1. Out of residues 5 or more away from ALA91 or on other chains, whose amide H comes under 5 Å of its own, with H placed 1.01 Å from N in the peptide plane?
2. Stretched out fully, how many nm does the piece from GLN173 to TYR49 gain, at 0.36 nm a residue minus the Cα gap?
3. Determine, for ILE95, ILE135, ILE142, ILE48, the number of other Cβ atoms within 10 Å of each Cβ, and report the residues in order from fewest to most.
4. Going by how many other Cβ atoms sit within 10 Å of their own, how do SER220, SER3, SER90, SER55 line up, fewest first?
5. Taking neighbour counts of Cβ atoms within 10 Å as a proxy for exposure, in what order, fewest first, do MET5, MET11, MET93 appear?
6. Spin-label point model (7 Å from Cα, Cβ direction): what's the LEU19 to TYR146 distance in nm?
Amino acid sequence: MPSTMKALRKMHRCAGAFLRKCASAVDWTGRGVGAGAHSFDLRTDLHIYGWDRWSQGRVKPPVTLGHEFCGVVERTGEEVTAVKAGDFVSAEMHINCGHCHQCRWAKRISAKFADYRIDQDGAFAEFVKIPASNIWKLDAAIPEHYRGNLGPTGKRGDTVLAGAIAGRRCWLQACGPWVDGIAVQGLRSSTVFATETTSSGARWQENGRGCGGESGGRRSSVAKIKAETGGPE
């Protein structure tokens, strides 16, 4: 692996990000896995890029952005046995303690964690280093443009299946490209309203690949939902 790489970095406490040349990870001892990354933007990355109120209170630049990725394993630590160089992988991008109640009861998503692209460098780079416990080996039959989206897809599936939702009226906020594949299928027997204020999400709706609904902002969306459900003005 080269000693340097290109990475998309949040350098300052303001809107924007910069493509920078920086050092590749050099500590490959123990259970680390290094992979050449194909990154996918997550909505949180857009918040960090735009430097909204949440980002200002949570993110501490400089840091490399990027939360979702897939890639080919380039190198592993000496204790790694589950994957090897050349394997195609993705990863869970939250680093948990492994000792708290939630971790011990297989509820790691609810546990305290360090978050790639917030607490440590993320995957908007040529290479990324991930603990072997977080690596998922992928079937080569899965198309590449799906391989890096498995995290968001799983979260939506878990949310839809968490309770009795069939036949109910549902409001999906933020209609990105993953919603049509999981959330809408899970809600197919329900009445679904979806709102999206970003131009990219609105394009998914216009192309018929999203979940329909309003893209004109919260006020017009609420008015439409009330009108169609007989809610109070």
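1. Residues meeting the amide H criterion: PHE69, TRP136.
2. That works out to 42.6 nm of additional length.
3. ILE142, ILE95, ILE135, ILE48
4. Details: SER220 12, SER3 7, SER90 27, SER55 19.
Neighbour counts put them in this order, fewest first: SER3, SER220, SER55, SER90.
5. Numbers: MET5 19, MET11 12, MET93 22.
The most exposed by this proxy come first: MET11, MET5, MET93.
6. Label-label distance for LEU19 and TYR146, simple model: 3.0 nm.
Here, each number is a calculation from the coordinates, and none is a lab measurement. Note that the coordinates shown come from a computational prediction; the quantities given were computed from them, not determined experimentally. No Cβ is skipped: glycine too gets one built from the backbone with ideal geometry, and neighbour counts run over all protein chains shown.
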